[in-house]
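A.B. asks: A single structure is presented below for examination.
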Amino acid sequence: MKDIRQLKARLSALFSEQFFAVLATRTGEAIHTTLVAFAATDDLKTLFVCTPRATRKYANLKQNPAVSLLVHNSSNMATDIGQAIAVTVSGTAEEVPAERLEAARAVYLAKQPHMSGFATSPNTAVIEVTVGRYDVVAHFQDVTILEIQKDRIVDP
């Protein structure tokens, strides 16, 4: 998929359909993955996740803000080989500062309204992932890389 408008439309559709992503964080030599509920901004440049501050992922994010998320629509069927799409999101994460917290929370809760009690808890941090790139794999081996901040597709 080499048309940037089509690619963005496909990403937007995937992100609106899928409620969860796998978040990978790192501390030292250890990589930690966890399932998180997420939401994306309309321009696809930012993703939001929430986590209690007393978690390994939060500690990892504070120590090393480089993160990766995996969003996919596979259903564990053989047909996924030709039909599923998987997106690796690479970016940097930080806790949303107080002056932007309500706006960030609003984006998150527009998609994840069932997470309201969790997202508004004083123990929960709203994390903003500034996306650097999307590695999109469709039809098992069709790879497209979108550098979202530069708004361009690059060769894999």
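Please treat every number below as a calculation from the coordinates, not as lab data. Computed from a prediction, not measured in an experiment: that's the story for all the values here. In this analysis, Cβ positions are derived from the backbone assuming ideal geometry, glycine residues included, and neighbour counts consider all displayed protein chains.
A.B. asks: Considering (1) surrounded by fewer than 14 Cβ atoms within 10 Å (Cβ to Cβ); (2) assigned to a strand (DSSP E or B), say which one Val126 fails and leave the rest.
C.D. replies: (1)
Quick grid of which residues meet (1) in contact (Cβ under 8 Å) with a residue 24 or more places away in the chain; (2) closer than 24 Å to Leu61 by Cβ:
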site: Glu102; (1), (2): no, yes
site: Gln112; (1), (2): yes, yes
site: Ala119; (1), (2): yes, yes
site: Pro122; (1), (2): no, yes
site: Ile127; (1), (2): yes, yes
site: Thr144; (1), (2): yes, no
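A.B. asks: Out of the stretch 1-35, which residues are among the polar types (S, T, N, Q) and touching a helix residue (DSSP H, G or I) at 6+ places or on another chain (Cβ under 6 Å)?
C.D. replies: First pass over the stretch 1-35, keeping only residues among the polar types (S, T, N, Q): 6, 12, 16, 18, 25, 27, 33-34.
Across the stretch 1-35, the qualifying residues are Thr25, Thr27, Thr34.
A.B. asks: Between a residue in the stretch 56-76 that is closer than 14 Å to Phe19 by Cα and any residue that is part of a helix (DSSP H, G or I) and of a type in the set (A, V, I, L, M, F, W, C), which pairs come within a Cβ distance under 8 Å, given they are 6 or more apart or on different chains?
C.D. replies: Pairs found: Val71/Leu14; Val71/Phe15; Asn73/Leu14.
A.B. asks: Residue by residue through the stretch 67-120, note down the ones that are touching a Pro at 6+ places or on another chain (Cβ under 6 Å) and of a type in the set (A, V, I, L, M).
C.D. replies: The answer is Ala93, and nothing else.
A.B. asks: Would you please name the residue that is farthest from the chain's Cα centre (by Cα), looking only at residues in the stretch 129-140 that are hydrophobic (A, V, I, L, M, F, W, C) and in a strand (DSSP E or B)? Show your work before the answer.
C.D. replies: Keep residues of the stretch 129-140 that are hydrophobic (A, V, I, L, M, F, W, C), which gives 129, 131, 136-138, 140.
Of the ones still in play, those that are also in a strand (DSSP E or B) are 129, 131, 136-138.
Values: Val129: 7, Val131: 8, Val136: 13, Val137: 15, Ala138: 17 Å.
Checked the stretch 129-140; the qualifying residue farthest from the chain's Cα centre (by Cα) is Ala138.
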